[in-house]
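The values are calculated or read from the model by the stated rules, or taken from the named source; none is laboratory data. The structure displayed is predicted, hence computed values, not measured ones. Neighbour counts are summed over all protein chains in view; Cβ atoms, including those assigned to glycine, are modelled from backbone coordinates with ideal geometry.
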Amino acid sequence: MTDESVDYPGLIVPVGHVEPVPRRIRAQVGGQWVFNTRRAVYVWEWPGYPQYSIPLRDLAEGVLTDDGRTGRLAPGPARRHSLRVGSEVREGAAWVWDEGAPEVLIGTARFRWDAIDAWYEEEEQVFVHPRSPYTRVDALRSSSSVRVEVDGTVLADAPSSVKLFETGLPTRYYVERAYVDWALLRFSDKVTACPYKGRTSGYWSFVSGAVTHDNVAWAYDFPTVSCSAIAGMVAFYNEHVDLHVDGVLLPRPTALSRTQWDEQQRVRS
């Protein structure tokens, strides 16, 4: 039986998969470079996206200290290390792959993403996690109309949209701000980031009397170049609103949201 709430391609990369990174990868802690390499590899510890594994020979001298703790990550065994850069110390910042891990990972270290202050691919900073070479994100202008409702109240009614297709996630429908009823929405201080789209410029909650639905809408005023078509537009979580596209009510998706993927990364790091 087909799940009608799933309208997008699934993730295809198996856990433990390793691929070369063709991009220069650099990282900073406390304003100092921790590594600069053209020999990194992608390693998938879960299906959603990879992590970088960095050759030890490309690290700044003496920055890693063995914590004396071993563990087994999805691709294989590893030893936990702390990171020291000047006066900055990041406990348990990295796992150095141990014997029994895939051979290509031996002699490399997988860093916890938030143990690094800033990651760079070539000259562009990367947020949240590495961009997967198997994930595609397309923002396409569309003549599809979009009506958004919560509890029978119309929040937006737009004659056209931009559809954002991202591998492994539900299709998102962005509408022009002129078609949103801002009297029903309250600005939130929530901020999220995406390696493919950039950093959000705003979230809004639906407020009607005593009823509140938190952070149901968001916008990217300054998205990445590849997603420039959504600049300044507003999208609503399909999971939390009633979304009518060309007059047809869409089933609410059951897939993991971006926030849930981020939480998985935090827990597994």
Listed by range, strands (runs of 3 or more DSSP E) wholly within the stretch 86-193 having at least 2 residues that are in contact (Cβ under 8 Å) with a residue 24 or more places away in the chain and surrounded by 15 or more Cβ atoms within 10 Å (Cβ to Cβ) are 88-97, 108-111, 118-121, 137-142, 146-150, 153-158, 161-166, 172-175, 185-188
Single residue of the stretch 1-31 satisfying the filter (touching a Phe, Trp or Tyr at 6+ places or on another chain (Cβ under 6 Å) and in a strand (DSSP E or B)) that is modelled with the lowest pLDDT
GLU19
Take the residues of the stretch 194-218 that are out of contact with any Asp or Glu (no Cβ under 9 Å at 6 or more places or on another chain), of a type outside the set (D, E, K, R) and without any contact (Cβ under 8 Å) to a residue 40 or more places away in the chain: which is surrounded by the most Cβ atoms within 10 Å (Cβ to Cβ)?
TRP204
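Rundown of residues vs (1) of a type in the set (Gly, Ala, Ser); (2) at negative phi; (3) at pLDDT 95 or above, yes/no style:
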| residue | (1), (2), (3) |
| --- | --- |
| ARG80 | no, yes, yes |
| ARG84 | no, yes, yes |
| GLU88 | no, yes, no |
| TRP97 | no, yes, yes |
| ALA109 | yes, yes, yes |
| GLN125 | no, yes, no |
Just name the residue that is surrounded by the most Cβ atoms within 10 Å (Cβ to Cβ) out of those in the stretch 220-250 that are more than 15 Å from VAL162 (Cβ to Cβ) and touching a residue at least 40 places away in the same chain (Cβ under 8 Å).
VAL241
In the stretch 238-265, which residues are outside any strand (DSSP E or B) and either among the aliphatic types (A, V, I, L, M) or at pLDDT 95 or above (or both)?
VAL241, ASP246, GLY247, LEU250, ALA255, LEU256
